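Trainee: Could you have a look at this structure, given as structure tokens, before my questions?
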Amino acid sequence: MKWTYLIGQKMKVALAFGIVFILVFATLAIDKRHINTLQESFSSVYADRLLVEGYIYKLSGLFHSKKIIFNFQNIAAADISENNKEMNDSIRHLLVDYEKTKFTRDETMYFNQLKEDFQKLVKLEDDFLQSDSNSIDVHNAIQMQHIKLSESLNQLSDIQMKEGKNLMDNTKKIVAASKITYRLEIAILLIIGLIIQGLIFASRSMVPKFKQKSHLN
């Protein structure tokens, strides 16, 4: 019967379009996830890596300046103390800004070590400035503390390079996955085209063909 045939055809068409709809919805969800991941990666590269590298660079400069002023014996203690206080305040502000960024496990360890070594340095500097004789032992301890700080900063800088590379590698993987999704979307469009084409041919085949009566000629 024609009506059962038509219902069967409609069910097949509905099923085909349902599958296509699910595929389209799935590819859109994948694309959205890729875009969100890319946005997070680019934001992390800037906020957690480039900015941090800037903080490390500024911290290195400040520690170097502090090291220099404590090596000059002809500068008055009062002048050293004032300049040193300003630099210590700048270092504390940079550490606060640094601490707001996203840390890896290793980065947390080296950052905490950096803060601890900085506090030890400040105490040694105060002892040195308050000492009448400007003890050589304290001065040497200050220099050793600067070496530890430099090592921590180098480790933190290496982490920025490593994590930045990881983010870039992850971005490349997302782009590669997006290309696959794009090809899948093209395939879905082709499927839709074939379904529409099949519907057109099916509708033509169901059009009744009327024979012309010979007596009307």
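Trainee: Here is the link list: 102/148; 58/85; 115/162; 58/120; 66/100. Which ones come out longer than 18 Å on Cα distance? Before the final figure, lay out the partial values.
Mentor: Numbers: 102/148 23 Å; 58/85 16 Å; 115/162 22 Å; 58/120 20 Å; 66/100 25 Å.
Among 102/148; 58/85; 115/162; 58/120; 66/100, the Cα-Cα distance tops 18 Å for 102/148; 115/162; 58/120; 66/100.
Trainee: Tell me which residues come under 5 Å, amide H to amide H, from residue 101 once H is placed; ignore anything under 5 positions away on its chain.
Mentor: none
Read-outs throughout are calculated quantities, based only on the coordinates presented, and are distinct from any laboratory measurement. Not measured: the values here are computed from a predicted model.
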